[in-house]
Amino acid sequence: MANLKEIRNRIASVSSTKQITSAMKMVSAAKLRKSQTAIQKLRPYSKKLTEIMDRVVGSGCLDVPYARTEKQEKNVLLIALTSNKGLCSTFNSSIVKLTASRISFYKEKNVNIYLQSYGKRGDAAFSKIEGINYLGSNDEIWDKLSFEKVNEIAEHVMQEFLTKKYDRVEIIYNIFKNAATQFPVAENFLPMSLEEESKEEKNLNNDYIFEPNKEDILRSIIPQALHTQVYKCFLDSFASEHGARMSSMNKATDNAQELLRELTLTYNKLRQASITNEIIEICSGANALN
């Protein structure tokens, strides 16, 4: 059984750990509020923009280069979004696992797989995968996430798709639901999935007045919608990271508190037993002198 000094040292160590996890929890909570507000504001805009784009494009009156489909896909680009830091539960491991699953899926189809990572945690795992073309990791994007930086990434990928370097592009990231719930998804980015309009939708489109014309609107709205889609993925991942870390640190703080309670109870019992033994020894010594 541990002596009193060992338990005191352990109590001090757990107390220090509790202070650290509690501080990390508060930091993540502050960052979460900001990122959560951003993604909640962007989602309705992104959803409406996609809805308008689908209705405008759905008639099929204009060829859409981003919606081109190859009979046989030869090259696929996977974009995996992880974090630069750990201590965020399964946030990173779920992305690594899903990415490995998508790689296995495309390997069975004998497709050339290209993988672009964003985040140090993903880079450490993806760089060890064999049989793919790993393009490296851009970790600085998370230091100060902005639409301008993500817009450059989206534009670069879109241009490579147009030049037929890639036949398909998927973004693998965590969707933010709330602070305690995030789930990984592999979302298709390119080619665009444009479904044919139903009769009701065609009737609705008849109510639109296009100015200057449908073609100019289409050429403007499609790149904007694609840029917004990529930015939404990054914001979702950013909010998910801080939500996962806040939940993880909250559990760690609670566990530390419970461990402190148990250690304190054990310490008090041992201390009481030690005092009792000392009293017994004193009494025994006094009785021996009489």
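By how many nm would the segment from residue 283 to residue 155 grow when fully extended, if each residue of separation counts as 0.36 nm and the alpha-carbon distance is taken off? Don't skip to the answer; put the middle values down first.
Numbers: separation 128, 0.36 × 128 = 46.08 nm, distance 8.62 nm.
So the extension gain works out to 37.5 nm.
Would you mind checking the pairs 164/232; 149/214; 107/165; 97/120; 41/214; 97/232 and listing those with alpha carbons more than 20 angstrom apart?
Details: 164/232 25 Å; 149/214 30 Å; 107/165 18 Å; 97/120 16 Å; 41/214 28 Å; 97/232 22 Å.
From the list (164/232; 149/214; 107/165; 97/120; 41/214; 97/232), the Cα-Cα distance tops 20 Å for 164/232; 149/214; 41/214; 97/232.
Using the Karplus curve 6.51 cos²θ - 1.76 cosθ + 1.60 with θ = phi - 60°, work out ³J(HN,Hα) for each residue of the range 145-161 in order, rounded to whole Hz, and write x for Gly and Pro.
Per residue, the Karplus-derived 3J(HN,Hα) values read 5, 8, 5, 4, 5, 5, 4, 5, 5, 4, 5, 4, 5, 5, 5, 5, 5 Hz.
Could you give the length gained by full extension between residue 185 and residue 37, i.e. 0.36 nm per residue of separation minus their alpha carbon distance, to one decimal place?
Values: separation 148, 0.36 × 148 = 53.28 nm, distance 2.11 nm.
So the chain would gain 51.2 nm between residue 185 and residue 37.
Once you have the Cα-Cα distance between residue 64 and residue 110, take 0.36 nm times their residue separation minus that, and quote the gain in nm to one decimal. Don't skip to the answer; put the middle values down first.
Values: separation 46, 0.36 × 46 = 16.56 nm, distance 2.75 nm.
Difference between extended and current length: 13.8 nm.
Would you calculate, for the chain, the mean residue ellipticity at 222 nm contributed by helices, counting each DSSP H stretch of 4 or more residues as -39,500 (n - 2.57) and dividing by all residues, to the nearest 500?
Values: 6 runs with 178 residues, N = 290.
Per the formula, -22000 deg cm²/dmol.
If you take every DSSP beta bridge whose two residues both sit in the chain, what share of them, in percent to the nearest 5, is antiparallel?
Numbers: 9 of 24 bridges.
Of all bridge pairs located within the chain, approximately 40 percent are antiparallel.
List the residues of the range 1-23 whose backbone N lies under 17 Å from a point placed 7 Å from the Cα of residue 264 along the Cα-to-Cβ direction.
Answer for this model: 7-20, 22.
Given H placed on each backbone N at 1.01 Å, which residues far from residue 74 in sequence or on other chains put an amide H within less than 5 Å of it?
Amide H neighbours of residue 74, under 5 Å, 5+ apart: 167.
If you take the charge dipole of the chain about its Cα centre, with +1 on Lys and Arg Cβ and -1 on Asp and Glu Cβ, which of 172, 137, 263 is farthest toward its positive end?
263
Averaging sequence separations of C-alpha pairs under 8 Å and six or more residues apart, then dividing by the length of the chain, give the relative contact order as a whole percent. It would help to have the intermediate numbers written out before the result.
Working: 377 pairs, mean separation 90.3, N = 290.
So the answer I get is 31 percent.
Which of these, 44, 212, 65, has the largest mean-square fluctuation under a Gaussian network model of the chain (Cα springs below 10 Å)?
212
Compute the acute angle (0 to 90°) between the alpha-carbon long axis of helix 91-108 and the principal axis of greatest extent of the alpha-carbon atoms of the chain; round to the nearest 10°.
40
I'm spelling it out carefully: the read-out is Kirkwood radius over Cα pairs in Å, the candidates are [x] 22.9; [y] 20.4; [z] 18.7, and one was derived from this structure. Which label?
[x]
If R₀ is 41 angstrom, what is the calculated FRET efficiency for the pair residue 221 and residue 138, using the beta carbon separation as r and rounding to 0.05? Walk me through the numbers before you get to the answer.
Details: r = 27 Å, r/R0 = 0.67.
Efficiency computed from Cβ-Cβ geometry: 0.90.
Each value in this text was obtained by applying a stated rule to the coordinates, not by laboratory testing. All of these numbers come straight from a predicted model, not from anything done at the bench. Neighbour counts are summed over all protein chains in view; Cβ atoms, including those assigned to glycine, are modelled from backbone coordinates with ideal geometry.
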